[in-house]
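J.: Sharing a structure below in structure tokens format, with a few things to ask.
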Amino acid sequence: MAIVPQYSVVVPTYRGQDTIRPLAHQIDTYFRSAGLSYELIFVNDCGPDQSWEVMQTLQREMGDDLVKIVRLTRNFGQHNALICGFAHVRGQFIVTMDEDLQHSPADIGRLIAAQASGNFDVVYGKYETLQHSGFRNVTSTLLKKLLRASIPDLHPDYTAFRLIRTSIARHCLEMRNSYTFLDGYLTWITNNVASVVVTHGERAAGQSSYTVGKLIEHSINIFVTFSDLPVRIFSLTSVGIFFLTTCYTLYVLFRKLIFNDLSAGFPTLAILLGFGVGIILLGMGILGEYIHRINLKTTRRPIFVEAETNNG
């Protein structure tokens with residue numbers, strides 16, 4: 001019978017042919033020195049290099065009981081690749097990390113210690129200093145603050161270096177969405193979240209697939225899918241405009257009926273345009289609220305998740 005590991009390390013790969021092998025050996029070194037059992041799961045997200053061939057060789061060298069490899073049919077994106085990996089884990093906890101060696105396997109111990117200190121469901125590795133380009137650091141920080149403002153439940157220190165309780169992570173497999181944002185899913189499942197400072201190294205090889213354009217697209221998709229802020233702003237604005245146009249319409253009607261000092265045709269035009277536009281915007285605001293609720297329903301967001309049960 002195969003021994004169930006304590007930890008499952010899930011690594012999505014896109015351009016990792018030069019970093020997969022040293023990453024695997026560093027992970028192995030950490031867990032062996034810590035005396036902890038683990039399994040390593042690589043999910044190949046159909047990158048343009050030879051990552052899959054390197055994974056196959058690595059699995060033969062380290063053993064298929066220790067290393068699992070999954071190849072997707074096309075590029076589905078980092079977060080989808082991670083959730084695919086969740087379907088194959090056996091450990092009690094999952095560690096997610098990038099393949100480019102910017103996350104240090106030695107810092108896994110910090111995540112584990114932080115989780116044990118408060119029995120947290122999720123622990124994020126918070127970067128003390130980012131090792132991206134200066135422009136990338138600024139745009140990433142700005143976009144992160146905007147997302148934090150639009151999704152209040154999102155942990156401020158969320159990163160791709162995480163430790164997740166497996167029972168929590170498996171709920172992500174049940175969700176279906178036009179755009180996957182793992183950390184958004186986790187905010188729907190639990191607020192028992194912490195963070196701990198970890199190192200962020202320079203990229204060991206190749207170039208990041210996350211360009212500034214992709215980061216902006218990523219953020220817009222998150223706004224539309226996970227935040228009700230845009231539709232809520234539009235709804236409140238439409239109500240405000242409807243209120244103002246209604247007041248102005250009543251004012252024009254009052255002036256016409258009492259003083260009759262307005263130019264011919266102006267009251268009719270003002271009422272049709274002002275009140276009409278207000279009604280249209282109010283209707284669009286209401287429609288937006290319905291669409292937002294339909295979106296929440298189609299994501300299969302869990303209506304409850306039990307932390308523990310005691311029927312004794």
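We did not get these values from a lab; they are worked out from the coordinates using the rules stated. All values reported here derive from a predicted model rather than from experimental measurement. Glycine also receives a Cβ, built like all others from the backbone with ideal geometry; neighbour counts cover every protein chain displayed.
J.: What distance in nm lies between label points placed 7 Å from Cα along the C-beta direction at LEU257 and MET284?
T.: Once both label points are built, they end up 3.0 nm from each other.
J.: Short version: ³J(HN,Hα) in whole Hz for each residue of segment 37-50, in order, from phi by Karplus 6.51 cos²θ - 1.76 cosθ + 1.60 (θ = phi - 60°), x for Gly and Pro, what are they?
T.: With coefficients 6.51, -1.76 and 1.60, one gets 7, 7, 9, 10, 10, 9, 10, 7, 8, 6, x, x, 10, 9 Hz.
J.: Follow-up. Can you show me the helix-derived [θ] at 222 nm for the chain, built from DSSP H runs with n ≥ 4 at -39,500 (n - 2.57) apiece and divided by the number of residues, rounded to the nearest 500. Intermediate values should be presented prior to the final figure.
T.: On the way: 11 runs with 149 residues, N = 312.
Value at 222 nm, helices only, nearest 500: -15500 deg cm²/dmol.
J.: How tilted is helix 229-258 with respect to the longest principal axis of the chain? Cα atoms for both, answer in degrees (0 to 90, nearest 10).
T.: 0 degrees
J.: At ASN75 and PHE234, where each label point lies 7 Å from the Cα along Cα→Cβ, what is the point-to-point distance in nanometres?
T.: Simple spin-label model gives 3.0 nm for this pair.
J.: Over the chain, what is the relative contact order in whole percent, taking alpha-carbon pairs under 8 Å and six or more residues apart?
T.: On the way: 468 pairs, mean separation 55.2, N = 312.
Answer for the chain is 18 percent.
J.: Putting +1 on Lys and Arg Cβ atoms and -1 on Asp and Glu Cβ atoms, find which of TYR7, ASN191, GLN17 reaches farthest to the positive end of the dipole of the chain.
T.: ASN191
J.: Give me the dipole magnitude in Debye, nearest 20, for segment 7-226 about the Cα centre, with unit charges on the beta carbon: positive for Lys and Arg, negative for Asp and Glu. Show your work: numbers first, answer last.
T.: Values: 20 positive and 21 negative charges, 75 e Å.
The calculation lands at about 360 debye.
J.: Can you give me the distance in nm between label points at SER33 and THR268, each placed 7 Å from the Cα along the Cα-to-Cβ direction?
T.: 8.6 nm
J.: Enumerate the calculated ³J(HN,Hα) couplings along segment 99-108 in order (Karplus 6.51 cos²θ - 1.76 cosθ + 1.60, θ = phi - 60°), each rounded to whole Hz, writing x wherever the residue is Gly or Pro.
T.: Whole-Hz 3J(HN,Hα) from phi for segment 99-108: 8, 8, 6, 6, 9, 8, x, 5, 7, 4.
J.: Using amide H atoms built in the peptide plane, which far-off residues or other-chain residues are under 5 Å from ARG71 H to H?
T.: ASN44
J.: Just tell me the longest site-free run in the chain, where the sites are chymotrypsin sites (Phe, Trp or Tyr not before Pro) in a DSSP loop having at most 10 other beta-carbon atoms within 10 Å. Walk me through the intermediate numbers first.
T.: Values: sites that count: PHE259, PHE304.
Of all site-free stretches, the longest is 1-258.
J.: Share of antiparallel DSSP beta bridges in the chain, in percent to the nearest 5? Mind showing how you got there, number by number?
T.: Details: 8 of 30 bridges.
Expressed as a percentage, antiparallel bridges in the chain total about 25.
J.: Which one of CYS46, LEU82, SER33 is farthest out on the positive end of the charge dipole of segment 13-98, using unit charges on Cβ (Lys, Arg +1; Asp, Glu -1) and the Cα centre as origin?
T.: LEU82
J.: Between rounded, prolate and oblate, where does segment 7-226 land on the alpha carbon gyration tensor, with a ≥ b ≥ c its root eigenvalues, rounded for a/c under 1.5, else prolate if a/b exceeds b/c? The partial results should precede the final answer.
T.: Details: a/c = 1.39, a/b = 1.20, b/c = 1.15.
It is rounded, given that a/c, with a ≥ b ≥ c, falls under 1.5.
J.: Here is a follow-up. Taking amide hydrogens as modeled 1.01 Å from N in the peptide plane, which residues meet the under 5 Å criterion relative to TYR38, leaving out close sequence neighbours?
T.: Sorted by chain and number, the residues that satisfy this are GLN6, TYR7.
J.: Taking DSSP loops as anything outside H, G, I, E and B, show the longest stretch in the chain free of GluC sites (Glu not before Pro) there with at most 13 other beta carbons within 10 Å. Write down the numbers at each step before the final one.
T.: Numbers: sites that count: GLU128, GLU202, GLU306, GLU308.
Value returned for the longest uninterrupted segment is 1-127.
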